[in-house]
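Values quoted throughout were computed directly from the atomic coordinates according to the rules given, and no laboratory measurement underlies them. Because the structure is predicted, anything quoted here is derived from the model rather than measured. Backbone-built Cβ (ideal geometry, glycine too); neighbour counts: all protein chains shown.
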Amino acid sequence: MEKIQMTTPLVEMDGDEMTRILWKDIKDVLLLPYIELKTEYYDLGLPERERTADQVTVDSAEATKKYGVAVKCATITPNAQRLDEYNLTEMWKSPNGTIRAILDGTVFRAPIMVKGISPVVKTWKQPITIARHAYGDVYRATEYRVPGPGVAELVFSGADGKDFRQTIYNFECAGVLQGQYNKDSSITSFARSCFQYAIDTRQDLWFSTKDTISKKYDHTFKDIFQDIYDAEYKDQFERLGIEYFYTLIDDAVARVIRSQGGFIWACKNYDGDVMSDMVSTAFGSLAMMTSVLVSPDGKYEYEAAHGTVTRHYYRYLEGENPSTNPMATLFAWTGALAKRGELDGIPALADFARKLERASIATIESGVMTKDLAGLWEGAAPAKSVTTAEFLQAIRENLDKALAG
């Protein structure tokens, strides 16, 4: 078949370790033979981030603002071990955190469901999408290790010359302090992104915090969501027959476990980080989770929800052919290509992306899968556990059939 032509480039953000290997293999086997791939490439691998003092991450986010759609490989957020391993001058910040802050986006994560792998929670019949606020809170907190007795205070010096001061705790011994913040503007963007995504996908929206304990911080989130819903989205929700409601996060957890799925669960930054892992694992695997960052002005960054699969990478370096699940990384590419096709008016590109997704799911449902899924398989025939390369080739065979049909 003639290759599909693109008009606007995707912003391509390469990554680290095993996912970097997957990145190239997916392109070589499943994309480049079919698409005249047009990308603006940024290497977010740790060596390049060190070389550029992490400027490459900022540049990639700015390019996303320019072109509107990005696809990102998993990247390392360095700790003390990585500092030594990669001879870094400093522990560079999470690229995801930097990109999210620049785009002011909300992360939407949903499981990839396949027949033959049932969720751990037996009542779940439809995907649960986690909407994670991607700004502030503990991820931008200021911390201090209290060395001994003393008074800790919360101080705010207003631009109008008025100060606020309140004692946090009068320490009688050593301890630890943490100060975190958020902004009304970012919370507002978060709320609008969630409401619009619910409308676009025709799903109910749940929002949960702990406002009974955090009567200023969390309550501000609750109030902003409600004000925006009442003023801007209530009529649209009612016309579509979908619902928005707020509940405490502990109540939300109970409701989620008893539900059948099929809704969006909006969470603050840390809550969303934790709950997305819980939901994805309960549905089967972190490698079976889609993730897209959506900014309030309509910019999109698709990525895998998992890390760089370090253990498999070390084995790969020793000459092994690991069985690493590429689904989340593959669906990052298909999500970005489908959105690019939609925005640019190229239906063939969007159609190709959806056929590739269906071919990938069909491959697993036929019993061919990577090792991580084989242990979860409930199909009638035994699972066939294959290497990553064999799995990608099996997908390609199913894709060729779909394209020929």
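Details
- Taking log10 I(q)/I(0) by the Debye sum over Cα atoms at q = 0.08, 0.12, 0.14 Å⁻¹ as calculated from this structure, the corresponding entry among (i) -0.39, -0.88, -1.21; (ii) -0.47, -1.05, -1.38; (iii) -0.56, -1.04, -1.23 is (ii).
- Beta bridge orientation in the chain: antiparallel %, DSSP, nearest 5: 45
- Projecting label points 7 angstrom from Cα along Cα→Cβ for THR123 and ARG145 puts them 4.5 nm apart.
- Residue list for the stretch 1-23, given a label point 7 angstrom along the Cα-to-Cβ vector of LEU403 and an amide N cut-off under 16 Å: 1-6
- In this calculation the C-beta distance from LYS38 to THR77 is compared with R0 = 35 Å, giving a FRET efficiency of 0.75.
- GNM remark for the chain: springs join alpha carbons under 10 Å apart, and the peak mean-square fluctuation among ARG255, ARG145, ARG49 falls on ARG145.
- Of LYS93/LYS183; LYS38/LYS401; LYS38/LYS299; LYS27/LYS401; LYS115/LYS384; LYS210/LYS299, those spanning more than 23 Å from alpha-carbon to alpha-carbon: LYS38/LYS401; LYS210/LYS299
- Our estimate of slack between LYS183 and ALA389, defined as 0.36 nm per intervening residue step minus the Cα-Cα distance, is 69.6 nm.
- For VAL69, residues with placed amide H under 5 Å, excluding near neighbours: VAL11, TYR300
- Cα gyration tensor shape for the stretch 90-175, rounded if a/c is under 1.5, else prolate or oblate: prolate
- Gained length - ASP277 relative to LEU240, 0.36 nm times residue gap less alpha-carbon distance: 10.3 nm
- Note on GLN260 and ALA174: the model spin-label points, each 7 Å out from Cα along the C-beta direction, lie 5.6 nm apart.
- Shape class of the stretch 1-68 from the Cα gyration tensor (axes a ≥ b ≥ c, square roots of the eigenvalues): oblate, since a/c reaches 1.5 or more and a/b does not exceed b/c.
- Choice from ILE168, ILE242, ILE199 showing the highest fluctuation, given a GNM over the chain with Cα pairs closer than 10 Å: ILE168
- At R0 = 45 Å, FRET efficiency that the Cβ-Cβ distance of ARG311 and PHE164 yields, to 0.05: 0.40
- Phi-derived couplings, Karplus 6.51 cos²θ - 1.76 cosθ + 1.60 at θ = phi - 60°, listed residue by residue for the stretch 372-385: 5, 8, 4, x, 9, 5, 10, x, 5, 8, x, 6, 9, 7 Hz, with x used for Gly and Pro.
- Shape call, the stretch 175-277: gyration tensor on alpha carbons, a/c limit 1.5: oblate
- With R₀ set to 35 Å, the beta-carbon distance separating ILE199 from GLU378 gives a calculated FRET efficiency near 0.50.
- Using 0.36 nm per residue and subtracting the Cα-Cα separation, the extra length available between TYR67 and GLN55 on full extension is 2.5 nm.
- Whole-Hz ³J(HN,Hα) from phi, Karplus 6.51 cos²θ - 1.76 cosθ + 1.60, for the stretch 251-264, glycine and proline x: 5, 4, 4, 5, 5, 4, 5, 8, 7, 9, x, x, 9, 9
- Footprinting exposure proxy for GLU50, GLU12, GLU318 (fewest neighbouring C-beta atoms within 10 Å first): GLU318, GLU50, GLU12
- A cut-off of 5 Å between modelled amide H atoms, ignoring neighbours fewer than 5 places along the same chain, links TYR244 with LEU205.
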